[in-house]
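Enquirer: This is the structure I want to talk about, given as C-alpha cells.
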Amino acid sequence: MMRATRAAAFGAAAIMLMPAAGHADGKETIEYRQHIMKTLNEQSAALGQILSTTIPGDNTAAHLEAIALAASLALKAFEAKAPGGEAKPEVWSNWADFSKRMNDFSRKTAEMAKISREQGTDAALANVVDALSCKGCHDVYRAEKK
Ligand code: HEC
C-alpha cells in the first residue's frame, strides 16, 4: 500500500516536472547554474573559516574536493547556452577562454585537495588564494547586479 502510494506520488511529481523539463529554457538553466555557483560560495566561505583558524582544518580536503566537483558541474551547466542572469555574453563568445578558466579552477582545487590529504592542511592552504580564482573570472564574465 505504502509502495503504491509512493509510486503514485512519484508519478504525479514526474508528470508535474515534465513540462518544465520539456523546455528547460533560459530561466531554469540560469537558475540551475546559479545554484551551483552558490555551492562554490558556501564551500569557499567554509574554507575561509578554516583559513582564519576559527574552525579546525579536519575537513580542508573535503571542502576542496567539493569545490573542484562544483566547478566541473558549473562548466557543464554553462555549456547550455542560456544568456542572462549575471552572465555576460562573452561566456559563450569566448567559450575557449571561459571553459579553460573553469577547467583550470577545477583542476587546481582538486590538486590542492590531494596535497591536503598527502601533506596536510597547511601545505594545501599556502596556495589557496591563488587557486580560488573567483574574482579573476567574475571581473571578465560576470555582471554583478547590485
Ligand atoms: C570561470 C569563471 C568563474 C569562476 C572561476 C567562478 N565564477 Fe562565480 N560566476 C561566474 C559567472 C559567469 C556567474 C554568473 C552566472 C549567472 O548569473 O548566470 C557567476 C556567479 C556567481 C555567483 C552568483 C550566483 C547567483 O545566485 O546568482 C556566486 C555567489 C559566485 N559566482 C561565486 C563564486 C565563487 C565563490 C567562486 C570561486 C570559489 C567562483 N564563483 C568562481 C563565473 C565564474
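The values are calculated or read from the model by the stated rules, or taken from the named source; none is laboratory data. These numbers come from a predicted model, not from an experiment. Note that each Cβ is placed from the backbone with ideal geometry, even for glycine, and that neighbours are counted across all protein chains shown. These accessible areas exclude ligands, DNA and RNA; they are computed on the full protein's heavy atoms, side chains included. Shrake-Rupley method; radii C 1.70, N 1.55, O 1.52, S 1.80 Å.
Enquirer: Would it be correct to say that R101 is in contact (Cβ under 8 Å) with a residue 12 or more places away in the chain, near the ligand (Cβ under 9 Å from one of its atoms), under 16 Å from the mean Cα position of the chain (by Cα) and in a helix (DSSP H, G or I)? Walk me through how you get there before you give the answer.
Expert: Values: in contact (Cβ under 8 Å) with a residue 12 or more places away in the chain: yes; near the ligand (Cβ under 9 Å from one of its atoms): yes; under 16 Å from the mean Cα position of the chain (by Cα): yes; in a helix (DSSP H, G or I): yes.
Against the criterion (in contact (Cβ under 8 Å) with a residue 12 or more places away in the chain, near the ligand (Cβ under 9 Å from one of its atoms), under 16 Å from the mean Cα position of the chain (by Cα) and in a helix (DSSP H, G or I)), R101 qualifies.
Enquirer: Follow-up. Hey, among S72, S133, which residue is polar (S, T, N, Q), touching a Lys or Arg at 6+ places or on another chain (Cβ under 8 Å) and under 24 Å from H35 (Cβ atoms)? Give the steps one after another, and end with the answer.
Expert: Numbers: S72 fails: touching a Lys or Arg at 6+ places or on another chain (Cβ under 8 Å).
Result: S133 is the single residue among S72, S133 that is polar (S, T, N, Q), touching a Lys or Arg at 6+ places or on another chain (Cβ under 8 Å) and under 24 Å from H35 (Cβ atoms).
Yes or no, residue by residue, for (1) more than 9 Å from the ligand (Cβ to nearest atom); (2) touching a Cys at 6+ places or on another chain (Cβ under 9 Å); (3) part of a helix (DSSP H, G or I):
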residue	(1), (2), (3)
A46	yes, no, yes
T54	yes, no, no
T60	yes, no, yes
L75	no, no, yes
K81	yes, no, no
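Enquirer: Please enumerate the residues belonging to the stretch 129-141 that are within 9 Å of the ligand (Cβ to nearest atom) and open to solvent by 80 Å² or more (accessible area, probe 1.4 Å).
Expert: K135
Enquirer: Write out, first by first residue and then by second, each pair whose Cβ atoms fall under 7 Å of each other, whose residues are 6+ apart or on separate chains, and whose first residue, in the stretch 108-124, is aromatic (F, W, Y) and modelled with pLDDT under 95 while the second is buried (at least 19 other Cβ atoms within 10 Å of the Cβ) and not in a helix (DSSP H, G or I).
Expert: Sorted first by the residue in the stretch 108-124, then by its partner, the list stays empty.
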